[in-house]
Every structure is written in C-alpha cells, then in structure tokens.
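Chemist: A single structure is presented below for examination.
No value in this document is a laboratory result; all are computed from the given coordinates. Nothing here was measured: the structure is a model prediction, and the numbers come from that model. FYI the Cβ positions are ideal-geometry reconstructions off the backbone, even for glycines, and counts take in every protein chain you see.
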Ligand code: ATP
Ligand code: MG
C-alpha cells in the first residue's frame, strides 16, 4: 500500500481546521496510520524543506512552520500521494481551485506570506524520506 506524509501546518491547527482537513482525507477513503501534534524545531524543518534551502522565502517558511504546533499524519491508500496533492490544491491559496483545501480555506496575505494550511509529499521518494523523518518509530518507510 502507498503512504504519504500530511502536515496540518501551524495556521491550520491554530484555526481549528484539523478536523475539516482530516474529514476531507478520510471521506475520500484514505486511512490514517499515524498522527501526532508536534512543535517542530528549525533543524527538523530545515531537513524537511531541504530542497528549498536556497530560495528567498526559506527563512520565512521555517518561521511560519515553527511558530506553533502542527499535526503530522501518515495516510495510506491507492495513489494516495497524488490524491492528497489533488485534495490540497496548488501552493498559492489565491490561485488554488475552489473545492480544494487551500482554495476553500487558505490565505494569501499579499505580503509574500502564504498560509496554505497543509503539506503533502510530492513523490514516492519524498514520501519515504518524510515519513522516516517525522515518524522514525513507524515502519511505513
Ligand atoms: P508543501 O511542500 O508545503 O506541501 P507545495 O509542495 O505546494 O507545498 P513547495 O514549492 O514545495 O509547495 O513550497 C513549500 C512551501 O513553501 C509552500 O507550501 C509555501 O508554504 C512556501 N512557499 C513556496 N513558494 C513560496 C513563495 N513564492 N512565497 C512564499 N512562500 C512560498
Ligand atoms: Mg512541496
């Protein structure tokens, strides 16, 4: 079975949208295999977003993601990696399609600060790497 890592980012958890986001994922038929609330530290987030280290938004991204606790989830299902990306919508909430999590609920402050509520692994390689990083105690990697 395929697995993916989902994060309800600090803005989503703070706004009380964890249930709404999980409802969409579970209603689609995917199964939750691991779930925890975590205050992520800079080291973990720098590893998680290592591919973006040289990008101008990197420091802001680390601050956004470490500002308050988030929810980390392992989700299982057929083609779940692509499926969750589809439920999420595109990165910028202003452009994300209505009907998606980001399109319906995400906020773009117009200051370069994007609060897009949710992360989902973008490939099999990313999913394996990210699940090992956030859930070293699980064997779904
Ligand atoms: P995620 O990896 O969090 O699931 P994503 O795959 O849609 O999101 P990425 O390109 O991997 O998008 O960017 C990671 C995160 O960095 C985005 O979700 C967003 O929070 C932030 N980000 C990306 N691009 C920008 C940008 N141009 N300005 C501000 N923040 C950005
Ligand atoms: Mg990404």
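Chemist: Determine the calculated [θ] at 222 nm for the chain from helices alone, applying -39500 (n - 2.57) to every DSSP H run no shorter than 4 residues and normalising by the residue count; nearest 500 deg cm²/dmol.
Modeler: So the calculated ellipticity at 222 nm is -10500 deg cm²/dmol.
Chemist: On to the next question. Which peptide among 99-105, 13-19, 35-41 comes first, and what is the full order, when sorted by highest mean count of other Cβ atoms within 10 Å?
Modeler: The most tightly packed comes first, giving 99-105, 13-19, 35-41.
Chemist: Over the Cα atoms of the range 3-134, how large are the radius of gyration and the largest Cα-Cα distance (Dmax), in Å?
Modeler: Spelled out, the Cα radius of gyration and Dmax of the range 3-134 are 13.6, 38 Å.
Chemist: When you count, for each residue, the other Cβ atoms within 10 Å and take the mean per peptide, how do 66-75, 89-98 rank with the highest first?
Modeler: Taking the mean over residues of other Cβ atoms within 10 Å, the ranking is 66-75, 89-98.
Chemist: Related question: Cα centroids of the range 90-128 and the range 1-77: how far apart, whole angstrom?
Modeler: Here the two parts' Cα centres lie 11 Å apart.
Chemist: Sticking with this one: Of the listed peptides 51-57, 109-115, what is their order by residue-averaged count of other C-beta atoms within 10 Å, with the highest listed first?
Modeler: Ranked by mean Cβ neighbours within 10 Å, highest first: 109-115, 51-57.
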